[in-house]
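The values are calculated or read from the model by the stated rules, or taken from the named source; none is laboratory data. These numbers come from a predicted model, not from an experiment. Note: ideal-geometry Cβ built from the backbone for every residue, glycine included; neighbour counts use all protein chains shown. Quick note on the areas: whole protein, heavy atoms, side chains included, nothing else; ligands and nucleic acids left out. Shrake-Rupley method; radii C 1.70, N 1.55, O 1.52, S 1.80 Å.
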Amino acid sequence: GENVEQHPSTLSVQEGDSAVIKCTYSDSASNYFPWYKQELGKGPQLIIDIRSNVGEKKDQRIAVTLNKTAKHFSLHITETQPEDSAVYFCRSGGSNYKLTFGKGTLLTVNP
Amino acid sequence: EPEVTQTPSHQVTQMGQEVILRCVPISNHLYFYWYRQILGQKVEFLVSFYNNEISEKSEIFDDQFSVERPDGSNFTLKIRSTKLEDSAMYFCASSGTSGSPPEQFFGPGTRLTVL
(Lines give C-alpha, C1' and ligand atoms only; values in the text may rest on other atoms or scores of the structure.)
Protein backbone atom coordinates (compact mmCIF):
# COMPACT_ATOMS: atom_id res chain seq x y z
CA GLY A 1 0.00 0.00 0.00
CA GLU A 2 0.86 3.69 -0.05
CA ASN A 3 3.43 4.98 2.44
CA VAL A 4 3.51 8.70 3.23
CA GLU A 5 6.29 10.39 5.17
CA GLN A 6 5.80 13.95 6.41
CA HIS A 7 8.49 16.34 7.66
CA PRO A 8 9.09 18.13 9.88
CA SER A 9 6.97 16.91 12.77
CA THR A 10 7.16 20.35 14.38
CA LEU A 11 7.91 23.72 12.84
CA SER A 12 8.22 27.08 14.57
CA VAL A 13 8.42 30.31 12.57
CA GLN A 14 8.20 34.03 13.21
CA GLU A 15 5.13 35.86 12.06
CA GLY A 16 5.63 37.02 8.49
CA ASP A 17 8.10 34.27 7.61
CA SER A 18 7.33 31.41 5.24
CA ALA A 19 6.68 27.84 6.29
CA VAL A 20 7.26 24.74 4.18
CA ILE A 21 6.07 21.23 4.98
CA LYS A 22 7.12 18.28 2.82
CA CYS A 23 5.65 14.87 2.15
CA THR A 24 6.99 11.95 0.21
CA TYR A 25 4.90 9.06 -1.06
CA SER A 26 5.69 5.61 -2.37
CA ASP A 27 2.94 4.64 -4.82
CA SER A 28 3.62 6.00 -8.31
CA ALA A 29 -0.06 5.48 -9.14
CA SER A 30 -1.14 8.09 -6.57
CA ASN A 31 -2.76 11.03 -8.28
CA TYR A 32 -4.45 13.12 -5.61
CA PHE A 33 -2.68 15.06 -2.86
CA PRO A 34 -4.78 17.10 -0.41
CA TRP A 35 -3.58 19.07 2.60
CA TYR A 36 -5.57 19.50 5.80
CA LYS A 37 -5.36 21.95 8.67
CA GLN A 38 -6.46 20.83 12.14
CA GLU A 39 -7.03 23.47 14.77
CA LEU A 40 -7.33 22.65 18.44
CA GLY A 41 -10.59 20.88 19.23
CA LYS A 42 -11.58 20.54 15.59
CA GLY A 43 -11.29 17.90 12.91
CA PRO A 44 -8.97 18.13 9.91
CA GLN A 45 -10.20 20.60 7.32
CA LEU A 46 -9.22 20.56 3.65
CA ILE A 47 -7.26 23.69 2.75
CA ILE A 48 -5.80 22.91 -0.66
CA ASP A 49 -5.31 19.96 -2.96
CA ILE A 50 -3.41 19.13 -6.12
CA ARG A 51 -3.75 16.47 -8.76
CA SER A 52 -1.01 14.74 -10.65
CA ASN A 53 -1.65 16.60 -13.89
CA VAL A 54 -0.34 19.90 -12.45
CA GLY A 55 2.89 20.87 -10.73
CA GLU A 56 1.74 23.77 -8.61
CA LYS A 57 -1.42 25.27 -7.24
CA LYS A 58 -1.84 28.50 -5.32
CA ASP A 59 -4.62 29.95 -3.19
CA GLN A 60 -3.71 33.32 -1.67
CA ARG A 61 -0.94 32.67 0.89
CA ILE A 62 -1.04 28.91 0.47
CA ALA A 63 0.57 26.93 -2.34
CA VAL A 64 1.24 23.28 -3.01
CA THR A 65 3.91 21.92 -5.34
CA LEU A 66 4.16 18.40 -6.69
CA ASN A 67 7.16 16.57 -8.11
CA LYS A 68 5.86 13.30 -9.51
CA THR A 69 9.27 12.10 -10.59
CA ALA A 70 10.67 12.42 -7.09
CA LYS A 71 7.35 11.48 -5.49
CA HIS A 72 7.13 14.40 -3.17
CA PHE A 73 4.82 17.32 -2.62
CA SER A 74 5.05 20.35 -0.39
CA LEU A 75 2.82 22.89 1.32
CA HIS A 76 4.05 26.47 1.30
CA ILE A 77 2.55 29.15 3.54
CA THR A 78 3.82 32.68 2.98
CA GLU A 79 3.49 35.69 5.28
CA THR A 80 2.52 33.45 8.17
CA GLN A 81 0.13 34.73 10.81
CA PRO A 82 -0.55 33.46 14.35
CA GLU A 83 -3.87 32.00 13.16
CA ASP A 84 -1.92 29.70 10.84
CA SER A 85 -0.77 27.84 13.96
CA ALA A 86 -2.25 24.33 13.74
CA VAL A 87 -1.44 20.75 12.83
CA TYR A 88 -1.15 20.19 9.07
CA PHE A 89 -1.65 16.79 7.44
CA CYS A 90 -0.84 15.68 3.94
CA ARG A 91 -2.60 12.80 2.22
CA SER A 92 -1.77 10.81 -0.86
CA GLY A 93 -3.49 8.21 -2.98
CA GLY A 94 -6.11 7.68 -5.61
CA SER A 95 -9.28 9.67 -5.84
CA ASN A 96 -11.05 8.00 -2.96
CA TYR A 97 -11.46 8.16 0.79
CA LYS A 98 -8.66 5.67 1.44
CA LEU A 99 -5.93 8.19 0.86
CA THR A 100 -3.07 7.68 3.28
CA PHE A 101 -2.35 10.39 5.83
CA GLY A 102 1.02 11.75 6.83
CA LYS A 103 1.79 11.92 10.54
CA GLY A 104 1.15 15.63 10.77
CA THR A 105 3.22 18.77 11.37
CA LEU A 106 2.61 21.06 14.32
CA LEU A 107 3.17 24.59 13.02
CA THR A 108 3.63 27.37 15.55
CA VAL A 109 3.71 30.95 14.34
CA ASN A 110 5.24 33.24 16.95
CA PRO A 111 4.01 36.84 17.04
CA GLU B 1 -21.68 26.61 7.98
CA PRO B 2 -22.73 22.95 8.35
CA GLU B 3 -20.33 20.74 10.26
CA VAL B 4 -19.88 17.19 11.45
CA THR B 5 -20.37 16.78 15.18
CA GLN B 6 -19.21 13.98 17.45
CA THR B 7 -20.11 12.95 20.97
CA PRO B 8 -18.70 12.48 23.48
CA SER B 9 -15.50 14.46 23.11
CA HIS B 10 -13.76 12.12 25.55
CA GLN B 11 -14.79 8.62 26.59
CA VAL B 12 -13.07 6.63 29.32
CA THR B 13 -13.92 2.96 29.64
CA GLN B 14 -12.69 -0.23 31.23
CA MET B 15 -11.14 -2.96 29.11
CA GLY B 16 -13.78 -5.40 27.94
CA GLN B 17 -16.61 -2.88 28.01
CA GLU B 18 -18.65 -1.86 25.01
CA VAL B 19 -18.52 1.71 23.76
CA ILE B 20 -20.58 3.58 21.22
CA LEU B 21 -19.16 6.65 19.57
CA ARG B 22 -21.68 8.94 17.97
CA CYS B 23 -21.51 11.21 14.96
CA VAL B 24 -23.95 13.51 13.25
CA PRO B 25 -22.82 13.94 9.63
CA ILE B 26 -23.71 16.93 7.50
CA SER B 27 -27.37 16.56 6.67
CA ASN B 28 -27.32 16.15 2.89
CA HIS B 29 -24.24 13.95 2.77
CA LEU B 30 -24.51 10.34 1.66
CA TYR B 31 -21.10 8.88 2.47
CA PHE B 32 -19.88 8.35 6.00
CA TYR B 33 -16.53 7.26 7.37
CA TRP B 34 -14.68 6.43 10.54
CA TYR B 35 -10.96 6.95 11.04
CA ARG B 36 -8.77 6.56 14.06
CA GLN B 37 -5.49 8.06 15.20
CA ILE B 38 -3.46 6.36 17.87
CA LEU B 39 -1.36 8.90 19.77
CA GLY B 40 1.74 9.80 17.80
CA GLN B 41 0.70 7.77 14.78
CA LYS B 42 -1.05 8.44 11.49
CA VAL B 43 -4.75 8.82 10.92
CA GLU B 44 -5.96 5.43 9.66
CA PHE B 45 -9.06 4.52 7.65
CA LEU B 46 -11.48 2.18 9.42
CA VAL B 47 -14.69 1.97 7.42
CA SER B 48 -16.89 3.67 4.86
CA PHE B 49 -20.68 3.51 4.77
CA TYR B 50 -23.10 4.26 1.98
CA ASN B 51 -26.72 3.45 1.34
CA ASN B 52 -27.11 1.82 4.75
CA GLU B 53 -24.30 -0.63 4.35
CA ILE B 54 -20.56 -0.87 4.69
CA SER B 55 -18.93 -0.13 1.35
CA GLU B 56 -15.38 -0.79 2.43
CA LYS B 57 -13.43 -1.57 5.58
CA SER B 58 -9.80 -1.86 6.54
CA GLU B 59 -8.13 -4.79 8.25
CA ILE B 60 -8.32 -2.84 11.50
CA PHE B 61 -12.12 -3.04 11.37
CA ASP B 62 -12.52 -6.57 12.72
CA ASP B 63 -15.52 -8.30 14.30
CA GLN B 64 -15.21 -6.14 17.42
CA PHE B 65 -16.29 -3.11 15.41
CA SER B 66 -19.65 -2.31 13.91
CA VAL B 67 -21.30 0.76 12.43
CA GLU B 68 -24.89 1.78 12.23
CA ARG B 69 -27.07 4.58 11.02
CA PRO B 70 -29.96 4.08 13.42
CA ASP B 71 -31.97 7.04 12.19
CA GLY B 72 -31.75 9.77 9.58
CA SER B 73 -29.10 11.76 11.39
CA ASN B 74 -26.79 9.67 13.57
CA PHE B 75 -23.91 7.46 12.50
CA THR B 76 -22.38 5.32 15.22
CA LEU B 77 -19.28 3.24 15.75
CA LYS B 78 -19.56 0.44 18.30
CA ILE B 79 -16.64 -1.39 19.81
CA ARG B 80 -17.97 -4.55 21.43
CA SER B 81 -15.23 -5.45 23.89
CA THR B 82 -12.62 -2.74 24.14
CA LYS B 83 -8.93 -3.50 24.36
CA LEU B 84 -6.14 -1.28 25.63
CA GLU B 85 -4.92 -0.82 22.06
CA ASP B 86 -8.27 0.68 21.06
CA SER B 87 -7.26 3.85 22.89
CA ALA B 88 -7.11 6.50 20.18
CA MET B 89 -8.80 9.53 18.70
CA TYR B 90 -11.71 8.49 16.51
CA PHE B 91 -12.77 10.80 13.70
CA CYS B 92 -16.04 10.65 11.83
CA ALA B 93 -16.27 12.17 8.36
CA SER B 94 -18.93 12.62 5.73
CA SER B 95 -18.99 13.62 2.11
CA GLY B 96 -21.47 14.44 -0.61
CA THR B 97 -21.32 13.22 -4.19
CA SER B 98 -19.87 16.13 -6.10
CA GLY B 99 -16.16 16.36 -6.81
CA SER B 100 -13.59 13.72 -7.61
CA PRO B 101 -13.13 12.75 -4.95
CA PRO B 102 -15.90 14.44 -2.98
CA GLU B 103 -14.48 16.59 -0.19
CA GLN B 104 -14.55 14.90 3.18
CA PHE B 105 -15.64 16.92 6.19
CA PHE B 106 -14.26 15.72 9.50
CA GLY B 107 -15.73 15.96 12.96
CA PRO B 108 -13.66 17.12 15.94
CA GLY B 109 -13.05 13.56 17.12
CA THR B 110 -13.74 11.47 20.21
CA ARG B 111 -10.79 10.60 22.40
CA LEU B 112 -11.27 7.04 23.65
CA THR B 113 -9.24 5.94 26.64
CA VAL B 114 -9.36 2.26 27.58
CA LEU B 115 -8.09 1.47 31.07
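Shape class of the protein assembly as shown from the Cα gyration tensor (axes a ≥ b ≥ c, square roots of the eigenvalues): prolate, since a/c reaches 1.5 or more and a/b is larger than b/c. In terms of the Cα gyration tensor, with a ≥ b ≥ c the square roots of its eigenvalues, is the stretch B:1-80 rounded because a/c is under 1.5, prolate because a/b exceeds b/c, or oblate? It comes out rounded by the Cα gyration axes.
Electrostatic bookkeeping for A:Val109 treats Lys and Arg as +1 and Asp and Glu as -1; over the other residues with beta carbon under 14 Å from its beta carbon, the sum is -4. A cut-off under 14 angstrom between Cβ atoms defines the neighbours of A:Lys37, and their net charge, with Lys, Arg +1 and Asp, Glu -1, is -3. The contact between chain A and chain B removes approximately 1700 Å² from the accessible area (both sides summed; 1.4 Å probe; ligands, DNA and RNA excluded). Put a plus charge on the Cβ of each Lys and Arg, a minus charge on the Cβ of each Asp and Glu, and nothing anywhere else: the dipole of the protein assembly as shown about its Cα centre is then about 240 debye.
Counting only GluC sites (Glu not before Pro) that are in a DSSP loop and have at most 13 other C-beta atoms within 10 Å, tell me the longest site-free stretch of chain B. Walk me through the numbers on the way to the answer.
Numbers: sites that count: B:Glu18, B:Glu59.
The longest uninterrupted stretch comes out as B:60-115.
When chain A is described by a simple charge dipole with +1 on each Lys and Arg Cβ and -1 on each Asp and Glu Cβ, the residue from A:His72, A:Gly94, A:Thr108 located farthest towards its positive end is A:Gly94. Projecting the Cα atoms of A:Gln60, B:Phe106, A:Ser9 onto the charge dipole of the protein assembly as shown (Cβ charges, centred on the Cα centre) puts A:Ser9 farthest toward the positive pole.
The order of B:Ser81, A:Ser92 by accessible area, most exposed first and with a 1.4 Å probe, is B:Ser81, A:Ser92.
In Å², and per residue, what accessible area does chain B have when probed at 1.4 Å with the other protein chains present? Don't jump to the answer; show the numbers that get you there.
Working: 5820 Å² over 115 residues.
Accessible surface, normalised per residue, equals 51 Å².
Among the trypsin sites (Lys or Arg not before Pro) found in the stretch B:47-103, those both in a DSSP coil and sparsely packed, with 15 or fewer other Cβ atoms within 10 Å of their Cβ, are B:Arg80, B:Lys83. Neighbouring Cβ atoms from other chains, within 10 Å of the Cβ of residues in B:30-43, number 3 on average.
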